[in-house]
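Data block below; observations after.
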Amino acid sequence: MDMEAAKMIGAGLAAIGAGLAALGVGNVFAKFLEGALRNPGAADSQQGRLFIGFAAAELLGLLAFLVAVILVFVA
Amino acid sequence: MAAEQGKVDPMKQFQIEPIIGSNWSLADGFNIAFTNSALWMAITVALVWVFVAGGMKRELVPGRWQMAVETMTGFIDDMLAANIGKEGRKYVPYIFSLFMFILFGNLLGLMPIGLFGLHPFTFTSHFTITGVLALMSFSIVLIVGFWKHGFHFFSLFIPHGTPAPMIPLLFVIELFSFLIRPISLALRLFVAMMAGHVLLKILATFVIDSVNAGPVFGATIGPAALILMIAISALEILVAGIQAYVFALLSSLYINDAENLH
């Protein structure tokens with residue numbers, strides 16, 4: 001296979017990771033909302049933890065983007 | 001990969017160009033020109049300065065401006081009090097400066113001043129800048145940790161109640177997860193900002209190219225892409241705030257590890 005084509009296919013495959021991270025981030029907020037509606041009094045105090053979970057889930061999606069960028073522009 | 005002629009290159013917006021002093025050099029091969037990145041950092045610092053100075057009147061009954069500034073400082077103060085405890089107060093100036101610098105930098109990069117022929121530059125979309133900010137937070141963690149606890153700081157890498165045979169393995173894992181923190185902190189901000197700006201530029205290309213491709217494409221794809229672009233712009237404003245908040249929040253959590261160990 002042509003090297004340039006292989007890089008582009010690899011970058012495209014890396015984009016799957018962004019979609020999977022979207023599932024993860026959605027899950028974080030969905031579970032938070034689920035818990036917050038059951039116990040609204042405790043919701044505000046847990047907002048920091050919500051964003052820690054969001055940041056951890058999001059980072060892995062951003063890594064997928066980074067792999068794609070490195071494949072297209074650096075490798 | 002260079003962009004082909006006549007195409008919009010979505011990565012060109014991240015190019016660092018010298019404004020003045022392209023021939024100032026510190027040593028052979030080290031250029032210290034005043035770049036567009038430096039200019040936008042200076043603008044950000046000036047705006048943060050004006051914003052905070054406007055709310056420093058300390059009136060008994062605060063006006064709107066003072067309320068805005070006090071909401072921001074109170075927000076950071078509450079975050080540090082919740083995450084670190086009462087020792088957290090001494091970090092309010094650092095975390096507040098970090099938060100405001102990143103927030104203003106993110107938002108200024110989204111300003112539609114391209115309409116007037118100016119080019120906003122998002123300095124937070126560069127790993128060099130976010131990397132230095134993350135290293136500053138990480139240095140504070142290391143300095144405070146070793147200053148306050150001495151070599152006892154290494155107990156951070158061994159969670160309470162670890163069985164003795166597991167200690168060497170867990171120590172290595174925790175050490176790596178500790179050392180990766182500044183990288184992940186810098187990477188998160190830089191990639192989130194860069195991805196958003198590339199996406200906006202690509203949608204803008206859709207609008208221009210579809211109009212150029214004729215009335216059929218211009219009437220169908222063009223408006224759809226434009227509406228999507230406006231929606232994504234709103235999302236980017238949200239992301240700008242969230243990323244600044246996450247950076248400040250994680251910095252304060254890491255400082256909490258140094259202050260209180262486990």
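Percent relative contact order of chain A, based on C-alpha pairs within less than 8 angstrom and at least six residues apart? Numbers along the way, then the final one.
On the way: 53 pairs, mean separation 42.7, N = 75.
Relative CO of chain A lands at 57 percent.
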Out of B:28, B:78, B:209, any idea which swings most in a Gaussian network model of chain B, alpha carbons joined below 10 Å?
-> B:28
Which ³J(HN,Hα) values, rounded to whole Hz and listed in residue order, are derived for the stretch B:58-72 from phi using the Karplus coefficients 6.51, -1.76 and 1.60 in 6.51 cos²θ - 1.76 cosθ + 1.60 with θ = phi - 60°, glycine and proline given as x?
-> 6, 7, 5, 9, x, x, 4, 5, 5, 4, 4, 5, 5, 4, 5
Max mean-square fluctuation residue, GNM over chain B, Cα-Cα springs under 10 Å, options B:185, B:60, B:200 = B:60
Enumerate the amide H contacts of residue B:35 below 5 Å, restricted to partners 5 or more residues apart or on another chain; note that Pro and chain-start residues carry no placed amide H.
-> B:19
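Helix-derived [θ] at 222 nm for chain B: sum -39500 (n - 2.57) over DSSP H runs of at least 4, divide by residue count, nearest 500? Before the final figure, lay out the partial values.
On the way: 7 runs with 171 residues, N = 262.
Mean residue ellipticity at 222 nm (helix-derived): -23000 deg cm²/dmol.
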Could you pull out the chymotrypsin sites (Phe, Trp or Tyr not before Pro) across the stretch B:18-93 that fall in loop regions by DSSP (anything but H, G, I, E, B) with no more than 15 other Cβ atoms inside 10 Å?
-> B:24
Regarding the stretch B:141-209, what are the three Cα extents along the principal axes, ordered largest first, in Å?
-> 64, 29, 14
Residue-ordered couplings for the stretch A:48-57, obtained by feeding phi - 60° into the Karplus form 6.51 cos²θ - 1.76 cosθ + 1.60 and rounding to whole Hz (Gly and Pro as x), are x, 5, 4, 6, 5, x, 4, 5, 5, 5
Whole-Hz ³J(HN,Hα) from phi, Karplus 6.51 cos²θ - 1.76 cosθ + 1.60, for the stretch B:172-182, glycine and proline x | 5, 5, 5, 4, 5, 5, 6, 6, 7, 4, x
For chain A, what's the radius of gyration and Dmax over Cα atoms, in angstrom?
-> 17.3, 59
Choice from B:203, B:228, B:187 with maximal GNM fluctuation in chain B (Cα, 10 Å cutoff) | B:228
Overall Cα dimensions of the stretch B:23-80, principal axis frame, Å, largest first | 57, 24, 15
Using the charge dipole of chain B (Lys, Arg: +1 at Cβ; Asp, Glu: -1 at Cβ; taken about the Cα centre), state which of B:211, B:246, B:69 has its Cα farthest towards the positive end.
-> B:69
Could you tell me which of B:15, B:25, B:231 has its Cα farthest along the dipole of chain B towards the positive end, charges placed at Cβ (Lys, Arg +1; Asp, Glu -1), taken about the Cα centre?
-> B:231
log₁₀ I(q)/I(0) of the protein assembly as shown at q = 0.09 Å⁻¹, via Debye over equal Cα point scatterers, no solvent, to two decimals?
-> -0.61
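Express the Stokes-Einstein translational diffusion coefficient of the stretch B:5-121 in µm² s⁻¹, to the nearest whole number, given a Kirkwood radius over alpha-carbon pairs, 4 °C and a viscosity of 1.567 mPa s. Walk me through the numbers before you get to the answer.
Working: Rh = 17.3 Å.
So the translational diffusion coefficient is about 75 µm²/s.
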Across peptide A:62-72, what mean number of C-beta atoms from other chains lies inside 10 Å of a residue's C-beta?
-> 3
For chain B, build the convex hull from the C-alpha positions and give me its volume per residue in Å³.
-> 219
So what does log10 I(q)/I(0) come out to for the stretch B:223-262 at q = 0.19, 0.31, 0.32 Å⁻¹, using the Debye formula with one equal point on every Cα and no solvent?
-> -0.62, -0.90, -0.92
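If I take every Cα pair under 8 Å that is 6 or more residues apart in chain B, average their sequence separation and divide by the length, what percent do I get for the relative contact order? Don't jump to the answer; show the numbers that get you there.
On the way: 257 pairs, mean separation 58.3, N = 262.
This gives 22 percent for chain B.
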Scoring only Lys, Arg, Asp and Glu (+1, +1, -1, -1) among other residues with Cβ under 12 Å from the Cβ of residue B:243 yields -1
Proximal charge balance of residue B:64 [Cβ under 12 Å; K/R count +1, D/E count -1] = -1
Any chance you could check the Cα centroid distance between the stretch A:44-75 and the stretch B:24-39 for me, in angstrom?
-> 32
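Bear in mind these aren't lab numbers, they're just calculated from the coordinates by the rules spelled out. The structure presented is a predicted model; accordingly, all values stated were derived computationally and were not measured. With ideal geometry, Cβ positions are generated from the backbone for all residues, glycine too; neighbour counts draw on all protein chains shown.
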